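See structure below.
The values are calculated or read from the model by the stated rules, or taken from the named source; none is laboratory data. This one's a predicted model, so the numbers in the text were calculated from it and none came from an experiment. Cβ sites come from the backbone with ideal geometry, for glycine too, and all protein chains shown count toward neighbours.
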Amino acid sequence: MAILIKDKFEAWEKEAQARFDQLKANEEELNKIFIELYGLQDELDYHVEDKDVSVSRADRDRDIKSLISYAVGCMFGRYSLNEEGLIFAGGEFDMSRYSKFKPVRDNILLITDDKYFQDDESDIMNKFVEFVTVVYGKETLEENLQYIADTLLGSGDSRDIIRKYFISKFYADHMKTYKKRPIYWQFESGKANGVKALMYLHRYDENLLGRLRTDYLSKLNQAYNARIETRESQKLTTSNAGESARYEKEIQKIKKQVKELQVFDEKIGHLALKKISLDLDDGVIVNYDKLQRDPETKEKFAILTKGVKEP
C-alpha cells in the first residue's frame, strides 16, 4: 500500500468543486424560475454569490487540520480505523474494536517541544507518525509528512513543523472547532511548556491524574535532566563558541521547563489524592472547573489550558 495524501486531497478538491458548481447551478436555475414566475426580472438577479452556496469547496489548510484532529481522535479511541463514525463517547471502553490502529492505553498523550522519547506511544508526534504510516503506508510516509508540514507552514523538517503545530496551535484550533467546549483537554504547566499533555474527556477516570504524575511527569522529568546532562557534556567538549552558546541556551530553557514541571507536579499530586470524579451530564464548563478544584476547600489549582469559562 502506497497512498499520497496529496493525491487524495486533489481528488477531493475536484469532487468538492464539482458538487459546489452543480449546487450553485441548481440554485441559480431555481432563482430564474421564481423570478420569471412572479415577473421580477427588473427587480432581482438570479445569480448566486459563491459565499452563499450552501456547500464548501475543499480547503487544504482546514482539511489537513481536520485530518490531524481525526488522527488524535483515533489515538484516544473516539474513532477507529476498523469502523465508521463515532466509536466511543462513554461507557465501557473495548480495545478489541481497534485492531488496525491501537489507541493509547492510559488516555494520556504528551506534547513536547522536542523529541525526548524514541518510539514511545505517549509522545503525540510518535503516535501521529504511526497513524500516517498505518493509513497511508510506510513507503509514502516522508512525502505525506512533508505535505502536511508544507500545509501547516513553519521552519525545520516535517516532523519539527508538525510537532510545533501540536504544541502551539492544535488546542486553539480544537477549542475553536468545539466552541470552547473541548472534548480533548490539555494539561498545561505554563509559558515554558514544561508540561503539555492531552486527555480525552470521555475516557477520564478518577485515577488519571495519578497515572499522569507517576508514569508521565516522572518520565518527562528524567528526559529533561538527561538532555541537560548531554548538553552540558557537549558544551564542555566543544571548542566552537557558537555551539557552546546554543548548548547553554538550550540548557537554560530546559531548566525553566524542569522548574515549571515541578510546580505542576505538586498541583497534580494534590488533586490526584482527591480522586475527583466527573459527570459527563454536567457538561464541559462544570467539569473543566471541577477537575481543577480541591473538592473540600474549593481552592483552584490551574492545570488545564485557559479558554473554558468558569461556571
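Hey, could you check the range 98-142 for residues that are without any contact (Cβ under 8 Å) to a residue 40 or more places away in the chain and hydroxyl-bearing (Ser, Thr, Tyr) and say which is nearest to Ala71 (Cα to Cα)?
Pass one, the range 98-142, residues without any contact (Cβ under 8 Å) to a residue 40 or more places away in the chain: 98-105, 118-121, 123, 126, 129-130, 133, 138, 141-142.
Those still in the list that are hydroxyl-bearing (Ser, Thr, Tyr) too: 98-99, 133.
Details: Tyr98: 13, Ser99: 15, Thr133: 12 Å.
Out of the qualifying residues, it is Thr133.
Being of a type outside the set (Gly, Ala, Ser) and not in a loop (DSSP other than H, G, I, E, B) is the filter here, so list the residues in the range 65-109 that pass it.
As a first pass, look at the range 65-109 and keep what is of a type outside the set (Gly, Ala, Ser): 65, 67-68, 70, 72, 74-76, 78-79, 81-84, 86-88, 92-95, 97-98, 100-109.
Correct list: Lys65, Leu67, Ile68, Tyr70, Val72, Cys74, Met75, Phe76, Met95, Arg97, Leu109.
Between a first residue in the range 246-263 that is among the polar types (S, T, N, Q) and a second residue that is in a helix (DSSP H, G or I), which pairs have beta carbons less than 7 Å apart while being 6 or more apart in sequence or on different chains?
Gln257/Tyr224
Restricting to the range 25-66, and then to whatever is more than 30 Å from Asp150 (Cα to Cα) and hydroxyl-bearing (Ser, Thr, Tyr), can you tell me which residue is surrounded by the most Cβ atoms within 10 Å (Cβ to Cβ)?
Tyr46
Given the structure, is Thr237 at pLDDT below 95, over 23 Å from the mean Cα position of the chain (by Cα) and over 19 Å from Leu280 (Cα atoms)?
yes
I'd like the full set of residues that are of a type outside the set (Asp, Glu) and over 30 Å from Ser218 (Cβ atoms), limited to the range 80-115.
Ser80, Leu81, Asn82, Gly85, Leu86, Ile87, Ala89, Gly91, Ser96, Arg97, Ser99, Lys100
So Leu209 passes all but one of these: (1) without any contact (Cβ under 8 Å) to a residue 40 or more places away in the chain; (2) under 21 Å from Val284 (Cβ atoms). Which condition number does it fail?
Answer for Leu209: the failing condition is (1).
Just checking, does the range 44-65 include any residue being within 30 Å of Leu261 (Cα to Cα), hydrophobic (A, V, I, L, M, F, W, C) and at pLDDT 95 or above?
no
Identify the residue in the range 240-261 that is more than 24 Å from the chain's Cα centre (by Cα) and of a type in the set (S, T, N, Q) and, among all such residues, is surrounded by the fewest Cβ atoms within 10 Å (Cβ to Cβ).
Step by step, filter the range 240-261, then rank; the result is Asn240.
Filtering the range 201-234 down to residues that are within 22 Å of the chain's Cα centre (by Cα) and not in a helix (DSSP H, G or I), which residue is surrounded by the most Cβ atoms within 10 Å (Cβ to Cβ)?
Tyr204
Quick one: which helices (runs of 4 or more DSSP H) sit completely within the range 110-200 and have at least 2 residues that are more than 17 Å from the chain's Cα centre (by Cα) and modelled with pLDDT of 95 or more?
Output list reads 124-136, 141-152.
If you check Ile33 against the conditions, is it in the same structural domain as Glu13 (by TED's automatic domain parsing), aliphatic (A, V, I, L, M) and part of a helix (DSSP H, G or I)?
Here the answer is yes, as Ile33 does meet what is asked.
Inside the range 36-64, can you point out the residues that are among the aliphatic types (A, V, I, L, M) and either assigned to a helix (DSSP H, G or I) or out of contact with any helix residue (DSSP H, G or I) (no Cβ under 8 Å at 6 or more places or on another chain) (or both)?
Leu37, Ile64, listed by residue number.
If I ask for residues that are exposed (fewer than 15 other Cβ atoms within 10 Å of the Cβ), out of contact with any Asp or Glu (no Cβ under 9 Å at 6 or more places or on another chain) and of a type in the set (D, E, K, R), which ones from the range 67-113 would you list?
Of everything in the range 67-113, those that are exposed (fewer than 15 other Cβ atoms within 10 Å of the Cβ), out of contact with any Asp or Glu (no Cβ under 9 Å at 6 or more places or on another chain) and of a type in the set (D, E, K, R) turn out to be Glu83, Glu84, Glu92, Asp94, Lys100.
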